[in-house]
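One structure is given here, and the rest of the page talks about it.
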Amino acid sequence: MKLLARSAAEFLIIDDDPAITKFLVTYLKQKGHTCESLTEGFRTAAWLEQNQCDVVVVDLNMPKVDGISLISFMREMSQKLPIIVFTGVGYDEERMHAALRAGANGYVSKNLPIEQLYCVLSRVLATCQQRARRDLLSRVQHPLAGAA
């Protein structure tokens with residue numbers, strides 16, 4: 001994560017609907033961010049091994065890969081990577097709780113205005129920036145902590 005060096009963030013959008021990914025990429029780029037998109041969830045592992053992003057936005061219902069399984073997999077790869085569910089399944093409380101238990105940091109329905117998603121993304125980014133600053137400050141104040 002490179003959030004301290006800039007205010008723009010890098011997003012990975014994972015959704016099987018090309019119209020949704022195109023819309024989100026266009027919207028986030030207009031807000032000054034960079035975006036990549038995947039329309040096949042099973043390509044996520046290879047993408048994350050070769051690239052970095054600040055936040056992942058993922059759909060729950062995709063062919064070949066269940067969104068909750070994908071969230072669990074991404075969480076195993078990185079404990080710190082923020083994952084936001086952006087789904088059209090409506091409010092299925094059980095499914096949303098499963099996504100949160102799997103490691104999602106939040107969720108937004110596709111039925112809500114796009115500004116609602118952007119508010120959630122902005123809050124997640126602010127939290128990540130605060131955490132990165134605290135980690136950096138801790139390393140500066142205690143440079144030998146953890147060293148043997």
**Request:** Quick one: in region 1-53, of everything that is in contact with a helix residue (DSSP H, G or I) (Cβ under 6 Å, 6 or more places away or on another chain) and assigned to a loop (DSSP other than H, G, I, E, B), which residue is surrounded by the fewest Cβ atoms within 10 Å (Cβ to Cβ)?
**Result:** T39
**Residue in region 54-74 that is nearest to the chain's Cα centre (by Cα), counting only those that are part of a helix (DSSP H, G or I) and over 24 Å from N111 (Cα atoms)** = M74
**Message:** Considering only region 75-85, I want to know if a residue exists there that is under 16 Å from L12 (Cα atoms), under 16 Å from the mean Cα position of the chain (by Cα) and assigned to a helix (DSSP H, G or I).
**Reply:** yes
**Request:** Can you give me the number of residues within region 105-145 that are of a type in the set (A, V, I, L, M, F, W, C), within 15 Å of F11 (Cα to Cα) and buried (at least 17 other Cβ atoms within 10 Å of the Cβ)?
**Result:** 6
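Kindly provide the set of residues from region 78-96 that are farther than 17 Å from I20 by Cβ and surrounded by 12 or more Cβ atoms within 10 Å (Cβ to Cβ), ordered by number. Can you show your working first?
Of region 78-96, the ones farther than 17 Å from I20 by Cβ are 78-82, 91-96.
Within region 78-96, S78, L81, P82, D92, R95, M96 meet the criteria.
The numbers here are math on the coordinates, done by the rules we state, and not lab data. Every value quoted in this text rests on a predicted model; they were computed, and no experiment measured them. With ideal geometry, Cβ positions are generated from the backbone for all residues, glycine too; neighbour counts draw on all protein chains shown.
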